[in-house]
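Data first, discussion second: the structure below is written as structure tokens.
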Amino acid sequence: MNALLRTLRALFAAAALMAVAACGDDDPGYQLGGLGGGSASPNRDPVASRMEVPALQADDGLLLAHWTVEGGDSVMTYCMEFSPTQLHSRWVAFRFDGQTRQRTVSRSDDPFRDDPQLPASLRIGSSGFGRNYNRGHLCASADRLYSRQANEQTFYMSNMSPQLGAFNQGYWIAFEDLVQELGRDATFADTLYVVKGGTIAQNQVGSYVSRSDGKRVAVPRYYFMALLKVKNRAYSAIAFWMEHRDYGYSYGHQAPRSAVAAQAVSVDRLEELTGIDFFHNLPDQVESQVERSYVLAAWDL
């Protein structure tokens, strides 16, 4: 019976991915639905089993993924675990590889809009978060320049976080620049796996932004990134943890690389801080080794 169940799950996963590839130029997305409520082995899901995807929480979170079709292949733009109670993602994950590191388009002029994968009850509208906050990309527009459609998908509101303007434009951007620089360098990594996010646990929310319809969006107290590099089958990792505040930088005077290095931590430490199990799809022995420490110089820091 167990063998039959495994076969059926494998067939379901293959059918799901084939359905994505068959959807042409539309954004079919991929929605697992609630992760709690008796959901069967969510980490066997073809999205959840990807190397960049953290372990899913057994709560009411939604696993959402957006795809495009490039040269006949389905390519995941990014995925996330979205909280219906906080109206904010728990994390956003994606990768830079031989296809997705390409730079063939510029930033889209397409407007911000609600995520078509979210039910209407969880959509917050495309307007900003008020004068105090930017619509801060988690998967940055500049992370996805291999496809016009992929770039447009980064403007979904589910991918936005309420970020202080100075933090977004002068500080967070320095971390984004590092990720993009390393991710596009094929001599640095064959694949760079990226997880970004803002904290939404009750004790790690700074405040809430109220929408006109009464919905409230969590404003994270902290932001983080976790990076996993593979080059010639060898893995290494690093993570970053930062308070959400004004560090005194601006778009015209952005944080230096030394400020990025100052926020580095091991992935193990980031897991303690966030309660998120990163890169759990690595073999246990490899995961234990790469997550316990980091070397700044190995990450151009």
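The values are calculated or read from the model by the stated rules, or taken from the named source; none is laboratory data. The shown structure was predicted, so the numbers you read here are calculated from the model rather than taken from an experiment. Cβ placement follows ideal geometry from the backbone for every residue including glycine, while neighbour counts extend to all protein chains displayed.
A few notes on this one:
Conditions tested, residue by residue: (1) over 20 Å from Arg123 (Cα atoms); (2) within 18 Å of the chain's Cα centre (by Cα); (3) free of Cβ contacts under 8 Å to residues at least 60 places away in the same chain.
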residue	(1), (2), (3)
Val194	yes, yes, no
Gln202	yes, no, yes
Arg211	no, no, no
Ala218	no, yes, no
Arg221	yes, yes, yes
Leu227	yes, yes, no
Arg233	yes, no, yes
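- Matching residues, the range 235-255, being closer than 21 Å to Arg292 by Cβ, of a type in the set (Phe, Trp, Tyr) and touching a residue at least 40 places away in the same chain (Cβ under 8 Å): Tyr235, Phe240
- Any chance Ala261 is surrounded by fewer than 17 Cβ atoms within 10 Å (Cβ to Cβ), under 25 Å from Ala297 (Cβ atoms) and more than 17 Å from the chain's Cα centre (by Cα): yes
- Matching residues in the range 102-122 - criterion: being in contact with an Asp or Glu (Cβ under 8 Å, 6 or more places away or on another chain) and either at pLDDT 95 or above or more than 28 Å from Leu87 (Cβ to Cβ) (or both): Pro116
- Considering only residues in the range 76-112 that are polar (S, T, N, Q) and buried (at least 16 other Cβ atoms within 10 Å of the Cβ), the one that is nearest to Val230 (Cα to Cα) turns out to be Thr100.
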